[in-house]
Amino acid sequence: MTAADLQQPCVISSAFVMPATTAANYASSSTVGPANGWLVIQADDSFLSGPTQEVKERFVALAGGPDANFIIISTADTEIDAEFLRQSSARDFGIKYVTVVHTRDRVRADSSEFVDPLRHASAVWIDGGPQSRLADVYLGTAVEREIKALLARGGVVGGGSVGAAIQGSFLVHAATAPGHETGFGLLPNSAIATDAPGRENDLRSAISAHPELLGIGIDQGGGIVVHGDSFFNVTGQVTIHDAKKRNGPHSFLLSDGHSFNLTTRLIDSTGGPDADENYPLMLIVLTPTRYKTQEGYKTLGKGALSSKNSAATQPVQPVNFECDVSLYNSGRSFYVARLDGPNQLKIIARAVNSDELREYTGKY
C-alpha cells in the first residue's frame, strides 16, 4: 500500500450520519454485543462464496447502503495490488467508496496516518488470512481501537474465516499458533469457529477449558448478524456451545432465521420459522428478484405456498409473489405467513438493515 492509497478520499453517505463517540463507549456498553453497531460474521473468506447474497446485502445495508464508506482490511502475507483489490471489492460488493488497508508492520498499524480512513468509515470487512498474522499486526493497535470506535458510532464490522474468528475474544485455533489466543473481543466472552477441519473438536476443547466463553460454530456458507444482546442466523447451520447451560444440552443447533439471546443464552423463535398458529402457512422462495424503492425494498419472484404443518394434506401451491421486503432463497429457509384477503399475504421477515422481525404485506 502506497502513501497515495492512504490519502484516497473517504466519502460518507449523506443518508447515513453517525453520532460522534469513542471506543470507550463501546467498551463500557452494558449489552453483550455492540450497543449501536453491528457484527456480520460469516464462515467463508468472501461474500461471494456463500449460497446466497443475503450476508453481503445485509452488510452493505447496515453500513448505510452502497454510497457509504467501506474499508477492506487485508491480511495477505505478501504485498498486494491495493488498487486492483479496491476496484474488485467495489465491483463484487456493489459499493462505490472503498479504501484498502494493508500492512505487515505493527508500528505502522499504530500510526495516526494509517488509521485515518477508519475514522471516516461506516463499515469494515476483515479479509481472511493467517490468524497469527492478524493478531500480531493489529491487536492492541490504533486499528483495533478505531474498529471499536466505528462500532460505537453505529457502524458495521464483517469478516469471514479468520476475519470472523478475530471478532471473538478467544481464538479457537490458538493451539496451532501458541501465544495467539486473544481476539479483538468485538463479541466479548466468545469463541468463534468457522468451517474448517477439526473445528468442532477445537471449539469443544476451548469451551471446556474456558467455560465462561460462549462457543459459536458456523458451517460453510453460513453467517450471523449480531446487535445488542442477541444475534440471528442469516443462513446455514450454527452450533452453540454453552458450558454454563444448566437445563439443556452442552451443544445445540440454531437454524435459519432463529435468533439467540446472548443474555439468557436461549433461542428465541418468536415470529421466526416456529411462529405460532397465527401464521399457519409458509412461503418458500425459489427465484427472488430484489430491488430498492423509494419506500424501501421489494421482492418479486416464484415460490411455493403450503401449510406449515408437515402432516397437512394440502398440496403445495406454486405462486408468483410480490412482497415489500427483501426475501431470499438459501435452499433451506422459508417465511411464515398468513392469508390477509384474496391473494394477499402477511409475511414475517427482517429488513436487510434491521434485526427486528416484522410483518410485511405480500400478494400472490
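Throughout, read-outs are computed from the coordinates displayed, never taken from laboratory work. Values in this document were obtained by computation on a predicted structure and should not be read as measured data. Using ideal geometry, Cβ is built from the backbone for each residue, glycine included, and neighbour counts are taken over all protein chains shown.
Restricting attention to the range 281-363, the count of lysine pairs at 8 or more positions apart or across chains with alpha carbons under 17 Å apart stands at 6.
Count Lys and Arg as plus one, Asp and Glu as minus one, and take only other residues whose Cβ is under 12 Å from that of Leu339; the net charge is then +2.
Please work out whether the range 315-364 counts as rounded, prolate or oblate from its C-alpha gyration tensor, where a ≥ b ≥ c are the square roots of the eigenvalues and a/c under 1.5 means rounded, while otherwise a/b larger than b/c means prolate and anything else oblate? Judged from the Cα gyration tensor, the range 315-364 comes out oblate (a/c at least 1.5, b/c at or above a/b).
Relative to its Kirkwood radius, the Cα radius of gyration of the range 281-363 gives an Rg/Rh of 0.95.
Put simply, when 161-171, 230-240 are sorted by average Cβ atoms within 10 angstrom per residue, most first, you get 161-171, 230-240. Taking amide H atoms as placed 1.01 Å from N in the peptide plane, the amide H of His258 lies under 5 Å from those of Asn233, each 5 or more residues away in sequence or on another chain. Approximating the spin labels as points 7 Å out from Cα along Cα→Cβ, the Asn320-to-Lys244 distance works out to 5.2 nm. Annotation: the residues His241, His120, sorted from fewest to most other C-beta atoms within 10 Å of their own C-beta, follow the order His120, His241. Per-peptide packing, taken as the mean over residues of other Cβ atoms within 10 Å, places 276-288, 99-111 in the sequence 99-111, 276-288 from highest down.
Summing charges over all other residues whose Cβ lies under 11 Å from the Cβ of Ser230, with Lys and Arg as +1 and Asp and Glu as -1, gives -3.
For the range 281-363, build the charge dipole from Cβ charges (+1 Lys, Arg; -1 Asp, Glu) around the Cα centre, then report which of Thr361, Leu281, Ser330 sits farthest towards its positive end. Of the options given, the answer is Ser330. Rounded to the nearest 0.05, the FRET efficiency derived from the C-beta distance between Arg119 and Phe252 at R0 = 45 Å is 0.65.
Within the shell of other residues whose beta carbon sits under 10 angstrom from the beta carbon of Pro280, the net charge comes to 0, with Lys and Arg scored +1 and Asp and Glu -1. Computed about its Cα centre, the charge dipole of the range 281-363 is approximately 180 debye, with only Lys, Arg, Asp and Glu carrying charge at their Cβ.
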